[in-house]
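Colleague: Okay, here's the structure, questions in a sec.
The values are calculated or read from the model by the stated rules, or taken from the named source; none is laboratory data. Everything numeric here is computed off the predicted structure, so don't read it as measured data. Cβ placement follows ideal geometry from the backbone for every residue including glycine, while neighbour counts extend to all protein chains displayed. We work out accessible area using only protein heavy atoms, side chains counted, and drop any ligands, DNA or RNA first. Shrake-Rupley method; radii C 1.70, N 1.55, O 1.52, S 1.80 Å.
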Amino acid sequence: MGALRTSRGSSKSDAISTRPMSGLSGIAIDFPATVERYGNDIDCAIDNFAEASATCVEGERELFCTLLGEKVVGICIVTKLDVVPAGINPDWPNLSGFIMNPYRGIGLGRFSLEQRLEIVHKNFGNNAWTLVRDGNLVSEHLVQSVGFKQTTSPPDENNRMLYTYDASNL
């Protein structure tokens, strides 16, 4: 297995690669909605991902690629959103991300989440929130294992459960 690292989309550092060129084609297969969100085809998605990376601002929106060796195997975001779920402080960032098949189950999701939590501590304070699709037992276990607490039941209108993170309570 290659080295694990997270590539960060940030205007602050040119030493860390933000070029997701190879590897995003697999994301198109596993996560077509993400490709659609960034454009209607993989080339558009790559261009829009690069553009999104360029708009990152430390402490506001940070975009990362999870790499296995030189291959992009996932994407993750730490961002403040204009609209947040009820009861969430708008200063708390949302954490979202995924690892594509067949790279799940080897620790990359945990690695990615731990890296995002380091960014939360460094740039956003002690709190964060995330949404997990109800019934996604792997993701539910992962977020709970690093300290997130489920705060909603039943799921929202998109069948997602809200989890919050407070490092001061760990």
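Each row is one residue, and each column tells you yes or no for (1) of a type in the set (Val, Ile, Thr); (2) under 21 Å from Thr152 (Cα atoms).
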| site | (1), (2) |
| --- | --- |
| Pro90 | no, yes |
| Gly125 | no, no |
| Ala128 | no, yes |
| Val132 | yes, yes |
| His141 | no, yes |
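Colleague: I'm checking my understanding of the structure. Among residues of segment 121-153 that are of a type in the set (Ser, Thr, Tyr) and closer than 22 Å to Lys80 by Cβ, which one is surrounded by the fewest Cβ atoms within 10 Å (Cβ to Cβ)? I'd like the intermediate steps shown before the answer.
Modeller: As a first pass, look at segment 121-153 and keep what is of a type in the set (Ser, Thr, Tyr): 130, 139, 145, 151-153.
Subsequent filtering for residues that are closer than 22 Å to Lys80 by Cβ retains 130, 139, 151-152.
Numbers: Thr130: 20, Ser139: 19, Thr151: 14, Thr152: 16.
Among those that are of a type in the set (Ser, Thr, Tyr) and closer than 22 Å to Lys80 by Cβ, it is Thr151.
Colleague: Where in segment 1-120 are the helices (runs of 4 or more DSSP H), entirely inside, with at least 2 residues that are open to solvent by 50 Å² or more (accessible area, probe 1.4 Å) and modelled with pLDDT under 80?
Modeller: 24-30, 32-38, 42-54
Colleague: Could you list, in sequence order, all residues of segment 47-68 that are among the aliphatic types (A, V, I, L, M) and in contact with a Leu (Cβ under 9 Å, 6 or more places away or on another chain)?
Modeller: Passing the criteria: Ala52, Leu67, Leu68.
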